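Q: Structure provided below as structure tokens; questions to follow.
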Amino acid sequence: MTDWDQYRASEPLRGEALRGYDAARAQMGIGYLLLKARASAGLTQEQLAERIGTSQPTVARWEGGKQLPSLRSLIRIAEATGFQLTLGLRSSARSERETLTIGIE
């Protein structure tokens, strides 16, 4: 099985494809991060769902950006994939650089 990083290294995106990918990734938001964590852990959507006590279609909705997981689900996902969950808030004012980050181990 080829993960996304291996594929991207073998087939680098350029030009319009790269801009399109970056725009899509920004729109996916947390879904992209969940997909990346799951893939890095070598889990299928079904395997992750089983580990965290939900269904595969729910995992698919989260990864596709159609639904946001609860904080409890995010904690379970982090534990199941071996990641540390870090939540952050950043001021939307460009002149203000204050950031609040909460790490959950």
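Q: The conditions are (1) in contact with a helix residue (DSSP H, G or I) (Cβ under 6 Å, 6 or more places away or on another chain); (2) modelled with pLDDT under 80, and LEU34 fails exactly one of them. Which is it?
A: (2)
Q: While we're here: For the range 43-56, check the following and say yes or no: at least one residue is of a type outside the set (S, T, N, Q), surrounded by 13 or more Cβ atoms within 10 Å (Cβ to Cβ), under 12 Å from the mean Cα position of the chain (by Cα) and not in a helix (DSSP H, G or I).
A: No - not one qualifying residue is present in the range 43-56.
Q: Might you check whether a residue that is within 26 Å of ALA80 (Cα to Cα), exposed (fewer than 13 other Cβ atoms within 10 Å of the Cβ), out of contact with any strand residue (DSSP E or B) (no Cβ under 7 Å at 6 or more places or on another chain) and at pLDDT 70 or above occurs anywhere in the range 8-27?
A: no
Q: Sort out which residues of the range 69-81 are exposed (fewer than 13 other Cβ atoms within 10 Å of the Cβ) and out of contact with any Leu (no Cβ under 9 Å at 6 or more places or on another chain), and write them in order of number.
A: Across the range 69-81, the qualifying residues are SER70, ARG72.
Q: Pick out the one residue from SER91, SER70 that is at pLDDT below 75 and of a type in the set (S, T, N, Q).
A: SER91
Q: Return yes when ALA39 is out of contact with any Ser or Thr (no Cβ under 6 Å at 6 or more places or on another chain), at pLDDT below 85 and either surrounded by 16 or more Cβ atoms within 10 Å (Cβ to Cβ) or part of a helix (DSSP H, G or I) (or both) and no when it is not.
A: No; evaluated as a whole, the condition is false for this residue.
The values are calculated or read from the model by the stated rules, or taken from the named source; none is laboratory data. Computed from a predicted structure; not experimentally measured. Ideal geometry is used to build each Cβ from the backbone, glycine not excepted, and the neighbour counts take in all protein chains shown.
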